[in-house]
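> Please see the structure below; I have some questions.
The values are calculated or read from the model by the stated rules, or taken from the named source; none is laboratory data. Just so you know, these numbers come straight off a predicted model, no measurement behind them. Cβ: placed from backbone, ideal geometry, glycine included. Neighbour counts: every protein chain shown. Quick note on the areas: whole protein, heavy atoms, side chains included, nothing else; ligands and nucleic acids left out. Shrake-Rupley method; radii C 1.70, N 1.55, O 1.52, S 1.80 Å.
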Amino acid sequence: MNIYILAILVWVCSSTATSFRCDPNDLHLVSSPCDCPSALSFIEVKDTIDKGTVIAEINSTTNFTFTETCRYAKIVNNEVILNVSLRNPCYTGSTECYISCDSTRNVRVVLEVKKIDEYPPQFGQSKYNISISEDLKPITGILDFNSPDYKPTDDDCDLHSFNYALVKGQDGGGKFNFSGSILNIANEIDYEVVNVYNLTVQVKTNNKTGTTVLEVFVTDADDNDPEFTHPIGYVLQFEEEKTVQSIPTIPEIRCEDLDRGINESVLYSFKDYTNSTNFLTINPNDGTFNVDQSLDRETQNVTYTFELWCYQQDKYYKKAITSLQIDILDINDNPAIFEPVTYDVTLVENAVGYVTTVIATDADLGDNAVVLYEMVNGSQSDILAVDENSGRVTIVPSARLDREINPIITAHIIAKDNYGNYSTNTATVVITLLDINDNTPQFTTPYYLFNLNDSYNTGLIGQVEAHDKDEQDTPNSNVTYSFYQNTPSLPFNLNSLTGEIETAVIVNSSDHFNLTVLACDNPVHESDRRCGIADVKIVYGMNFTFTSHEMHIKVSENIPKDTRIGQTLPITGDMYFSSTSDFDVDVSSSLLITKIPFDRESEDLYDVMISVWEYNTPIGNISIIINITDVNDNAPLFSQDEYFITLPHGVGQQERIGILNATDEDIGRNGDLTFTFYSTFSNYFTINSRTGEVLTSNQWEDKIGNYLQLYQLISEVEDNGEPKLNTRTITYISAMVIISDTVLGIPTNLRRSFVMDQPNRTSLETKIADTLGFEDVHINGMEENGILMYINATLNGTVVSSQDIQRSMVENWSSIQDMYREFMAAREYSLDNSILSPAEIALITVAIALMFGTIIAIIVICRQWKEHVKNHKLYDSLSRRSTMYDSQEIGMDFGDEHSSRLNTSTNRLRRNAQEETLEGSFGMGIVNSGFVDYENLPKTPTWSTGNTPRIPRWSTTDSIKDAMESLDELTSRLNSEDNISRVSNLSRSRRSLKSNVSESRSDKIPNGMRQSTPRTDDNTSHDPIKYSAGNETCDDVFKNENYGFDNSQIDDAMALRNDNDMNVSDTVRVITGDDTIEEEFTAF
């Protein structure tokens, strides 16, 4: 059921047909226009309905029609059908038609077309852009969107108006708004702040909306003056005493005109558009400054202030103004100066602590003005000290001021800055010491003896005398005399001013008097008084003798304290008084006793006065001269901790190159010195043992390589005392030369042209500085045709002395050489050593000779190898078993033969008469000497002994040896046979015949030949058959029937003799093919 109801509702809602209303304002519907009481009815139609759509239905059985043609509709079967299109274009025709209800009544039907807002408005473009000037004021309209180029369109037929607005958040930050269709500037715009706005413009109808984007470009207007980026001012700093170009300010000066185009170009100047002052020029384009005149900060203002302008290039009246503060920076160009230069101080002589304060000032600033103080060398530095920072002068705590020794002390103090630059003057401190009563009056002798006799019974007896070292003619040195207060009443008077002693009454002749006399000074304050004491003995009528003696004693300096020395004193008594505390006298032995240890080097002579007393009476004085003898207690010392000796270029052998100096505080043999090189890695140098002179040795070679080395020698100096004492030091020998206080010449194997090339020079300077540990090294030049490169160096801004550079070179010598090798390896540059020593020339000659000898040896070996190959082939063909008749050679060993078997010289065809005996033969056996039978031959060879010919029994080794000898002989013979082709081609039958003849030859020995008796013993075998010949001619030999030669052989033999000048033996061997025949025939 619900489904049916829903279907009906859908049909009703989807239906486009409507009913009639009698009043447009009345919503009540009627089913027919005739139902309206008046003659008027209405049909409401949306303009979205299409043509041909039923727009109303008449509910009646009567079929109605329009009385006349209706433009907009027609009635078919009581259905009112729309007959026109209400859109495209919008319907604007008549909207009234009439229906006849009956004959008396017509009803007007009015079509009410309801405009439906179906489509949103649309702009012609999705984005527009316009340009406006930044100087436009607020409430200025910049665009009317109802203008034809911007007005939006709407496809609906209603004629409603457009409402414009900017979308919030895309409205240019409140800078724009709409007044109707006109877009206005709401607030001031500034090109320099924002120069492009993207606005979203919204247009609305009743309930539809459209949008577009409007891009507003703001163009620049010259509405800004230039502005400095740091308006409170700039600072320009530069050092005094210099002219400098293009100095920037702090912060870097910058002025901007936020306008664009010509408006943004600015220029700089001082006040009133001037570009310079009396010492400064400004670059108008970039605001940098040039210092055209050097200034002295100490004589001119430290700070200047100028007015600085920045103005627009096209409109100079548009400008910005700021201040420029100029600070002249200090450089260390002034020394410290003392003012005042003299400081007078008065102190009591026992003063301690503070003396005065010296003041030096430096006109520079900051670190450059820091002043440091120091005592001038040797200027009372053992008494006074100055504080380095404050200049406060004080007395050294260990020092004691003594007016009596040094009443006026004068010290000099110098000042320097942080960089070691000393002041141009010095401060002089003059201390005047005031006397205090610090000295006791001293009697001239501690003991006085006066003799009282009849003539002196009254009046002057004697006088005592004392002196005070305090300042003379003052109470401190005014001495008065008196008897000691405990002395009982005496018959003597003592003059308090002169020290004279007189008798006051007659003295008993038997009395002796022992008196004590005081000598006192008289200072202002009684409490400061000092007194000296002397003993006085007055003897009446006593005769005594006062004697004086002199002694000389020698004492070794190494004896201990409290040692008795010398012999018994020549005067003995019961009391002894020494003039020095260094010696005393042993009363029991009357020997001198040492009270101090002795050091001859400090004091070698003592003069001692001994006063001898007996019964309280001085009886004599002994003057003792003590000589301290030397012991070897001081090792010799070199004058330097180490020595640097320069090796001059071109020095020869045994030439002096330096000297080592040493001293020994001992004397005699103990101070006699001997110099040696304790250890050395070079035999190029020697040292004179007596003088210490260093010389080149006779092995020294004057070549470049030796000058590039650093030679380190351990030098020793030894005395000749007992025991011997020595000292060692290091001596460096090199080609380094001190050119000046700051320039050192160092050896190098780099070419001068390479070193002085600027890129190489800069690289070398950097490498040397890094290696030696200096801040900077500069190469000043190089020897024209030498090896020395001149350098100086700086460290912490201070020039380094040449001695310090030399020290650093020694410590880094290996690294410097490695650096040279790196440069040579990288650039293949090295010193051209064109000077060759004789030894080098000899080595080159030997090398060349060896080279040519090697070439010749190779040629000889090649030839021998070819010969060996040939022999090897022959050996292969012969290394087989064969009969005598198949063999080409039979190797025989004759004991006394030492020459080649094929020597054709006539001199060697003669044989000594002793060899006529045939000593033996091998007979048949292994006749091919190149063949070795390993199974049948003995393991070791056996040889003939004594004077018999050396005949081997076959062994493996000997067989090979003999085979090789046979091969050599065969090779020589074959070389000869190459020239005798017809003989070489003898037929086998003839050779066989020769063999037969050879077999029968042993039975047909001619008269001129005899067979020797073979020698046999336990160690020998039969010698080979040897033939001896008489004086037969060639014809006799060959034609003698006993030799068995046939006619063909004789013909061949004669041809060989004639054509090749062969001897008989060779001819026989060639004809017979028998190698056992030696040179037994005499050639004719």
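> Among the listed residues SER477, SER423, SER398, identify the single one that is of a type in the set (S, T, N, Q), surrounded by 15 or more Cβ atoms within 10 Å (Cβ to Cβ) and over 30 Å from LEU365 (Cβ atoms).
SER477
> Taking region 366-388 only, how many residues are closer than 29 Å to ILE328 by Cβ and touching a strand residue (DSSP E or B) at 6+ places or on another chain (Cβ under 7 Å)?
3
> Sticking with this one: Out of curiosity, is SER740 under 30 Å from ILE791 (Cα atoms), modelled with pLDDT under 90 and open to solvent by less than 50 Å² (accessible area, probe 1.4 Å)?
no
> When you scan region 246-266, do you find a residue that is surrounded by 12 or more Cβ atoms within 10 Å (Cβ to Cβ) and in contact with a helix residue (DSSP H, G or I) (Cβ under 7 Å, 6 or more places away or on another chain), even just one?
Yes, the conditions are met somewhere in region 246-266.
Residue-wise test of (1) without any contact (Cβ under 8 Å) to a residue 60 or more places away in the chain; (2) touching a helix residue (DSSP H, G or I) at 6+ places or on another chain (Cβ under 9 Å); (3) over 29 Å from LYS315 (Cα atoms).
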site	(1), (2), (3)
VAL201	no, no, yes
GLU215	no, no, yes
VAL218	no, no, no
PHE270	yes, no, no
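> Can you name the residue in region 565-595 that is assigned to a loop (DSSP other than H, G, I, E, B) and hydroxyl-bearing (Ser, Thr, Tyr) and is also nearest to TYR447 (Cα to Cα) among such residues?
Out of the qualifying residues, it is SER579.
> Then there's this: Determine, yes or no, whether ARG400 is of a type in the set (Lys, Arg), farther than 30 Å from MET575 by Cβ and modelled with pLDDT under 90.
yes
> Moving on to the next point. Quick check: is even one residue across region 545-552 open to solvent by 60 Å² or more (accessible area, probe 1.4 Å), modelled with pLDDT under 85, of a type in the set (Ser, Thr, Tyr) and farther than 30 Å from ASP630 by Cα?
Scanning region 545-552 turns up at least one residue that is open to solvent by 60 Å² or more (accessible area, probe 1.4 Å), modelled with pLDDT under 85, of a type in the set (Ser, Thr, Tyr) and farther than 30 Å from ASP630 by Cα.
> Quick one: ILE657 ticks every box in (1) aliphatic (A, V, I, L, M); (2) under 39 Å from the mean Cα position of the chain (by Cα); (3) crowded, with 17+ Cβ neighbours inside 10 Å except a single one, so which number is it?
Answer for ILE657: the failing condition is (3).
> Out of the residues in region 459-497 meeting the condition of being β-branched (Val, Ile, Thr) and closer than 17 Å to ASN514 by Cα, tell me which one is modelled with the lowest pLDDT.
Out of the qualifying residues, it is THR487.
> Counting only residues that are touching a residue at least 24 places away in the same chain (Cβ under 8 Å) and farther than 30 Å from SER161 by Cα, how many does region 103-137 have?
Looking only at that region, the number is 8.
> When you go through MET809, MET789 one by one, which is the residue that is surrounded by 14 or more Cβ atoms within 10 Å (Cβ to Cβ) and either touching a Lys or Arg at 6+ places or on another chain (Cβ under 9 Å) or at positive phi (or both)?
Answer to the check: MET789.
> Within region 596-603, does at least one residue satisfy the condition of being in a strand (DSSP E or B), surrounded by fewer than 19 Cβ atoms within 10 Å (Cβ to Cβ) and hydrophobic (A, V, I, L, M, F, W, C)?
No, the conditions are met nowhere in region 596-603.
> A further question on this structure: Across region 743-785, what is the total count of residues that are farther than 16 Å from ASN812 by Cα, crowded, with 17+ Cβ neighbours inside 10 Å and over 18 Å from the mean Cα position of the chain (by Cα)?
Residues in region 743-785 being farther than 16 Å from ASN812 by Cα, crowded, with 17+ Cβ neighbours inside 10 Å and over 18 Å from the mean Cα position of the chain (by Cα): 8 in total.
> Which pairs do you get when a residue that is in contact (Cβ under 8 Å) with a residue 40 or more places away in the chain and outside any helix (DSSP H, G or I), found in region 801-827, comes within reach of a residue that is of a type outside the set (A, V, I, L, M, F, W, C) and open to solvent by 20 Å² or more (accessible area, probe 1.4 Å), reach meaning Cβ atoms under 8 angstrom, with the pair 6+ apart or on two chains?
Between residues of region 801-827 that are in contact (Cβ under 8 Å) with a residue 40 or more places away in the chain and outside any helix (DSSP H, G or I) and residues that are of a type outside the set (A, V, I, L, M, F, W, C) and open to solvent by 20 Å² or more (accessible area, probe 1.4 Å), the close pairs are SER801/ASP741; SER801/THR742; ASN812/THR771; ASN812/GLY773.
> In region 615-652, what residues are farther than 30 Å from PHE513 by Cα, among the aliphatic types (A, V, I, L, M) and crowded, with 19+ Cβ neighbours inside 10 Å?
Passing the criteria: ILE624, ILE626, ILE628, LEU647.
> Take region 436-458 and flag every residue that is assigned to a strand (DSSP E or B), modelled with pLDDT of 90 or more and crowded, with 19+ Cβ neighbours inside 10 Å.
Within region 436-458, PHE443 is the sole residue that qualifies.
> Taking region 594-611, which residues are closer than 21 Å to ASN632 by Cα, among the hydrophobic types (A, V, I, L, M, F, W, C) and without any contact (Cβ under 8 Å) to a residue 40 or more places away in the chain?
ILE596, LEU605
> Within the set of pairs 6+ apart or on separate chains, which have a first residue in region 752-779 that is at pLDDT 90 or above, a second that is of a type in the set (Lys, Arg) and open to solvent by less than 60 Å² (accessible area, probe 1.4 Å), and C-beta atoms under 8 Å apart?
These pairs meet every condition: ILE779/ARG761.
> Same structure again: Report, by residue number, each residue of region 505-530 that is open to solvent by 40 Å² or more (accessible area, probe 1.4 Å), at pLDDT below 80 and part of a loop (DSSP other than H, G, I, E, B).
Listed by number, the residues that qualify are VAL505, ILE506, ASN508, SER509, SER510, ASP511.
> If you check ARG761 against the conditions, is it more than 24 Å from LEU647 (Cα to Cα) and in contact with a strand residue (DSSP E or B) (Cβ under 8 Å, 6 or more places away or on another chain)?
It is true that ARG761 is more than 24 Å from LEU647 (Cα to Cα) and in contact with a strand residue (DSSP E or B) (Cβ under 8 Å, 6 or more places away or on another chain).
> Can you name the condition, by its number, that ASP220 falls short on among (1) more than 49 Å from the chain's Cα centre (by Cα); (2) more than 30 Å from LYS168 (Cα to Cα); (3) not hydroxyl-bearing (Ser, Thr, Tyr)?
Of (1) more than 49 Å from the chain's Cα centre (by Cα); (2) more than 30 Å from LYS168 (Cα to Cα); (3) not hydroxyl-bearing (Ser, Thr, Tyr), only one is false for ASP220: (2).
> Looking at VAL717, VAL694, VAL743, VAL651, can you tell me which residue is within 30 Å of VAL799 (Cβ to Cβ) and in contact (Cβ under 8 Å) with a residue 40 or more places away in the chain?
VAL743 is the lone residue from the list that is within 30 Å of VAL799 (Cβ to Cβ) and in contact (Cβ under 8 Å) with a residue 40 or more places away in the chain.
> Something else now. Can you find a residue in region 225-239 that is more than 60 Å from the chain's Cα centre (by Cα), in a loop (DSSP other than H, G, I, E, B) and of a type in the set (Gly, Ala, Ser)?
no
> Filter region 678-710 for residues that are crowded, with 17+ Cβ neighbours inside 10 Å and assigned to a strand (DSSP E or B) and give the result.
THR680, PHE685, THR686, ILE687, VAL694, LEU695, THR696
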